[in-house]
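The structure appears right after this line, and notes come after that.
The numbers here are math on the coordinates, done by the rules we state, and not lab data. Quantities reported herein were computed from a predicted structural model and do not represent experimental measurements. Glycine also receives a Cβ, built like all others from the backbone with ideal geometry; neighbour counts cover every protein chain displayed.
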């Protein structure tokens, strides 16, 4: 309906939204307010699970670093004595019934981010439009004492014990308007409601927890899975492929390693095909890890994945663990 590049220039580039966009924003705002009020008044039922729920999400449409944070949170909670599982809607996943996700799952069926999380962590993972249904399946089939809901802030049906909002430290909240006139899924005032606000990159504001994304290696996508240090590509021209919420962040990361980048930006969650990475030359093709999981089946020896890991203070993870232990359903580790 609207061109993504045009919307990005409005949301983050200072262009004034058109009258149709502002009218749709008013409709969207009313729907968001009514829906939240209905859940708050008990008119729409909410589900309480027998284990605590941590929700990781954002206020803006598109990526802010939720998936790397979810992976880091899984690892941190495991080292603190918890047995976490992950639930997600699974962007683009067609199934309405819950599906388990593992290292062999097809991203086209279960979604790219759940696939990446399952491969990176190995913890029980499930997807469904109804997160409570996904959670119910995991709880009956796995020994889990905490659930992490990836990208679930707006899924109000599922009660949560800890809410973590990730903010893009460079783009922040854009023009501060609601969809589609701006990038916000909910009003900016919601920021004050969250237990933790994590700032990915940029300069954290008061009360925010700093997060950095570190990626210093590249992994070959073919069966050998060989690895190279990212700085080994310094001085070379490469095709950089990014189908994420903010491709500029990936291109900037590569340039920071001294790499000469030919940019290829795609829409977030783009369904890649062979033609998307066939550039008619033998230059290396470097792509984000989220994109790489969708290209493994047709990748060749030009294709490399550049994984990143989220780096946050131990104090943040300790605080999350303390909140979970404070709930009546989780015994002290």
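Summary of packing: across the peptides 276-284, 242-250, 10-18, the per-residue average of other C-beta atoms within 10 Å ranks them, highest first, as 242-250, 10-18, 276-284. DSSP finds beta bridges in the chain, and of those with both partners inside it, around 25 percent are antiparallel.
Report, as a whole number in µm² per second, the diffusion coefficient that Stokes-Einstein gives for the stretch 1-122 at 25 °C and 0.890 mPa s using the Kirkwood radius over alpha carbon pairs. Taking Rh from Cα pairs, D becomes 138 µm²/s. Highest mean packing first, where packing is the average number of other Cβ atoms within 10 Å per residue, the peptides 299-305, 220-226 line up as 299-305, 220-226. Model label sites at residue 205 and residue 252, defined 7 Å from Cα along the beta-carbon direction, differ in position by 1.8 nm. Let me make sure I get this right: for the stretch 216-307, a, b and c are the square roots of the gyration tensor eigenvalues over alpha carbons, sorted descending. Under 1.5 in a/c it's rounded, otherwise prolate if a/b > b/c, else oblate. Which is it? In terms of gyration-tensor shape, rounded. Taking the Cα centre of each part, how many Å lie between the stretch 225-285 and the stretch 40-57? Between the Cα centres of the stretch 225-285 and the stretch 40-57 lies a distance of 39 Å.
The stretch between residue 170 and residue 193, if pulled fully straight at 0.36 nm per residue, gains 6.1 nm over its current Cα-Cα span.
With both labels modelled 7 Å from their Cα along Cα-to-Cβ, the residue 216 to residue 314 distance reads 1.9 nm. Once both labels are positioned 7 Å from their Cα atoms along Cα-to-Cβ, the gap between residue 4 and residue 48 label points is 4.1 nm. Residues 211, 137, 287, ranked from the fewest to the most other C-beta atoms within 10 Å, line up as 137, 211, 287. Among 208, 113, 260, a tally of other beta-carbon atoms within 10 Å of each Cβ gives an order, fewest to most, of 260, 208, 113. Comparing mean-square fluctuations of 318, 112, 268 from a GNM of the chain with C-alpha springs under 10 Å, the top value falls on 318.
For the chain, the C-alpha radius of gyration divided by 2.2 N^0.38 Å, with N the number of residues, is 1.00.
Over the C-alpha trace of the stretch 189-268, radius of gyration and Dmax come out as 16.2, 49 angstrom. Judged by the mean number of other Cβ atoms found within 10 Å, the most tightly packed of the peptides 178-186, 103-111 leads the ranking 178-186, 103-111. Relative to the current alpha-carbon distance between residue 97 and residue 327, full extension at 0.36 nm per residue lengthens the span by 79.8 nm. When the chain is treated as a GNM with alpha-carbon contacts under 10 Å, the residue of 164, 117, 262 showing the greatest mean-square fluctuation is 262. For 157, 290, the sequence from fewest to most other C-beta atoms within 10 Å is 157, 290.
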